[in-house]
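The values are calculated or read from the model by the stated rules, or taken from the named source; none is laboratory data. Source: prediction; values computed, not measured. Cβ placement follows ideal geometry from the backbone for every residue including glycine, while neighbour counts extend to all protein chains displayed.
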């Protein structure tokens, strides 16, 4: 097998180019300015592709096609692998525009691409005839992207008050295999520091495949406030401020300041060096923390800012694990404390590096996945037969074979894989039970502006690993990309673990309705809603 660049007479391969882009004048728009490659096997051309420089570090795959007799043999995937390696380090992103087809979108997702954006009516506006694929007329252009940077994995460090971004240097020894980057910012009110932190994250996200957060003290609060909707593999918090409202109220108590007094004066300096602010307290109350990132917390038993009770409440309500140093303080600074901190961090980061190799990969299922998906649900139902909390599903009834096939054919079914084994599945569409109409929802939206999650299941073999939350984050991210206003779902009454996961991810309970499903008959379901924030990215 050989891949060659074509520099002259590119239209020699016009028959292949037109397989991917069937209007010649559209091909002419990019062919000459683009770089063309052909893949040869057994002495003959099997596939071609054309890439173009779109500026701002973006390389676009404009055209890719394989001879019909040789499709499905992996030639297209080989070309994408070649392009990814050839241009790695030269560009930040490889993007491709394609029709909303059940053939092409899943293919690119399997090659590591992720949904980016949609251009409405592209095919009807730019082509002189209707274009069909797999029996579906192509209307909109769907853009997908994958990172080309070889930056690997990064740690973003967010320091606390009195700290510095230079502290990141001392943590490099604890994070082998990670680039450790300190965020240079001045500790202030959250609405002034969030831009700096968000900008640092966005820059790292363009360069690195995976990001871990390390944050200290108030830096942890800033991280949770600013990055709670970002894709982060894990967070390590050192003496974190996890309940800012309680801390402010505690400081008011220490200073002998009432809430009415603070309202009247706006700001009140204290003897212990902090200035109490009514604006700050209102901001904290108006911006509650919804933190679903897997988190490790190091806490000193002698912490004078956050009580053990407050830390444990946070741990119990979020996806967090607590380590306590009996002789630790809020500021870890003695030799013994720093040695404890280094050991704690190094053990976590070494394990994290190993875990990242076995990370959950979420993609839409295709027809070849049907048997595996069906077997996944059957195995899950068997494994949960004697569980205290079960979804109430029944083999071949719900999820039914028809439901699974329909969901796969419409790109509505997602699978989460770990080392090619299915760990989780779910369907996401715009369809809902009639009982949803009995609920007073917070968001008024057309069906096309809603996502409804169905049959989200995690196999018990993978329980406790935060997989359900990763699947939900995928839905939230996709919802924002497609300008969805709200995400809704129902939970069988009494399924407390499922409710806990959804509420931790920001879903709010909206009401209970009696609904009929084939597997449960008429029974009560509790309904939940997530409002998609306009600024989520």
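Of the residues contained in the stretch 18-33, none is found to be surrounded by 13 or more Cβ atoms within 10 Å (Cβ to Cβ) and farther than 22 Å from residue 126 by Cβ. Against the list (1) under 30 Å from residue 154 (Cα atoms); (2) exposed (fewer than 14 other Cβ atoms within 10 Å of the Cβ); (3) at pLDDT 90 or above, the condition residue 447 fails is (1).
Each row is one residue, and each column tells you yes or no for (1) buried (at least 19 other Cβ atoms within 10 Å of the Cβ); (2) at pLDDT below 90; (3) out of contact with any helix residue (DSSP H, G or I) (no Cβ under 8 Å at 6 or more places or on another chain); (4) outside any loop (DSSP other than H, G, I, E, B).
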{"position": "456", "(1), (2), (3), (4)": "yes, no, no, yes"}
{"position": "468", "(1), (2), (3), (4)": "yes, no, no, yes"}
{"position": "489", "(1), (2), (3), (4)": "yes, no, no, yes"}
{"position": "494", "(1), (2), (3), (4)": "no, yes, yes, no"}
{"position": "497", "(1), (2), (3), (4)": "no, yes, yes, yes"}
{"position": "500", "(1), (2), (3), (4)": "no, yes, yes, yes"}
{"position": "524", "(1), (2), (3), (4)": "no, no, yes, yes"}
{"position": "527", "(1), (2), (3), (4)": "yes, no, no, yes"}
{"position": "530", "(1), (2), (3), (4)": "yes, no, no, yes"}
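If you go through the stretch 361-386 and pick out every residue that is touching a residue at least 24 places away in the same chain (Cβ under 8 Å) and in a helix (DSSP H, G or I), you end up with 11.
Within the stretch 188-202, the set of residues being farther than 14 Å from residue 158 by Cβ and part of a helix (DSSP H, G or I) comprises 191, 192, 202. If you check residue 219 against the conditions, is it over 18 Å from the mean Cα position of the chain (by Cα) and crowded, with 17+ Cβ neighbours inside 10 Å? Yes: the conditions hold for residue 219.
Listed here are the residues, each with its yes/no results for (1) without any contact (Cβ under 8 Å) to a residue 40 or more places away in the chain; (2) more than 30 Å from residue 125 (Cβ to Cβ); (3) in contact with a helix residue (DSSP H, G or I) (Cβ under 9 Å, 6 or more places away or on another chain).
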residue	(1), (2), (3)
143	no, no, no
148	no, no, yes
153	no, yes, yes
169	yes, yes, no
183	yes, yes, yes
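The set of residues in the stretch 103-132 that are surrounded by fewer than 16 Cβ atoms within 10 Å (Cβ to Cβ) and free of Cβ contacts under 8 Å to residues at least 40 places away in the same chain comprises 103, 119, 120, 121, 124, 125, 130, 132. Residue count for the stretch 502-522 under the criterion of being assigned to a strand (DSSP E or B) and more than 20 Å from residue 442 (Cβ to Cβ): the result is 5.
Looking at residue 514, is it touching a helix residue (DSSP H, G or I) at 6+ places or on another chain (Cβ under 8 Å) and loosely packed, with under 15 Cβ neighbours inside 10 Å? Full working, then the answer.
On the way: touching a helix residue (DSSP H, G or I) at 6+ places or on another chain (Cβ under 8 Å): yes; loosely packed, with under 15 Cβ neighbours inside 10 Å: yes.
Criteria met by residue 514.
Counting only strands (runs of 3 or more DSSP E) that fall entirely inside the stretch 230-289 and contain at least 3 residues that are buried (at least 16 other Cβ atoms within 10 Å of the Cβ) and touching a helix residue (DSSP H, G or I) at 6+ places or on another chain (Cβ under 9 Å), the qualifying elements are 234-238.
Which one of 338, 350 is surrounded by 12 or more Cβ atoms within 10 Å (Cβ to Cβ), modelled with pLDDT of 95 or more and part of a helix (DSSP H, G or I)? Working first, answer last.
Numbers: 350 fails: modelled with pLDDT of 95 or more.
Within the list 338, 350, the selection yields 338.
Against the test of being at pLDDT below 95, closer than 26 Å to residue 208 by Cα, in contact with a strand residue (DSSP E or B) (Cβ under 7 Å, 6 or more places away or on another chain) and assigned to a helix (DSSP H, G or I), the options 172, 146 yield a single qualifying residue, 172. Among the conditions (1) touching a helix residue (DSSP H, G or I) at 6+ places or on another chain (Cβ under 9 Å); (2) modelled with pLDDT under 90; (3) more than 19 Å from residue 498 (Cβ to Cβ), residue 410 misses just one, which is (1).
If you go through the stretch 294-322, how many residues are outside any loop (DSSP other than H, G, I, E, B), in contact with a strand residue (DSSP E or B) (Cβ under 9 Å, 6 or more places away or on another chain) and either in contact (Cβ under 8 Å) with a residue 40 or more places away in the chain or closer than 18 Å to residue 218 by Cα (or both)?
Step one: filter the stretch 294-322 for residues outside any loop (DSSP other than H, G, I, E, B), giving 295-300, 308-317, 320-322.
With the extra rule that they be in contact with a strand residue (DSSP E or B) (Cβ under 9 Å, 6 or more places away or on another chain), the set shrinks to 295-300, 308, 311-312, 314-315, 320-322.
Keeping just the survivors that are either in contact (Cβ under 8 Å) with a residue 40 or more places away in the chain or closer than 18 Å to residue 218 by Cα (or both) gives 295-300, 308, 311-312, 314-315, 320, 322.
Total meeting the criteria: 13.
Looking at the stretch 53-63, which of its residues are within 28 Å of the chain's Cα centre (by Cα) and in a strand (DSSP E or B)?
Filtering the stretch 53-63 for residues within 28 Å of the chain's Cα centre (by Cα) gives 53-62.
Hits for the stretch 53-63 are 53, 58, 59, 60, 61, 62.
Counting only residues that are outside any helix (DSSP H, G or I) and touching a residue at least 60 places away in the same chain (Cβ under 8 Å), how many does the stretch 72-99 have?
Residues of the stretch 72-99 that are outside any helix (DSSP H, G or I), as a first pass: 72-74, 87-99.
Checking the rest, the ones that are also touching a residue at least 60 places away in the same chain (Cβ under 8 Å) come to 87-89, 92-93.
Here the count works out to 5.
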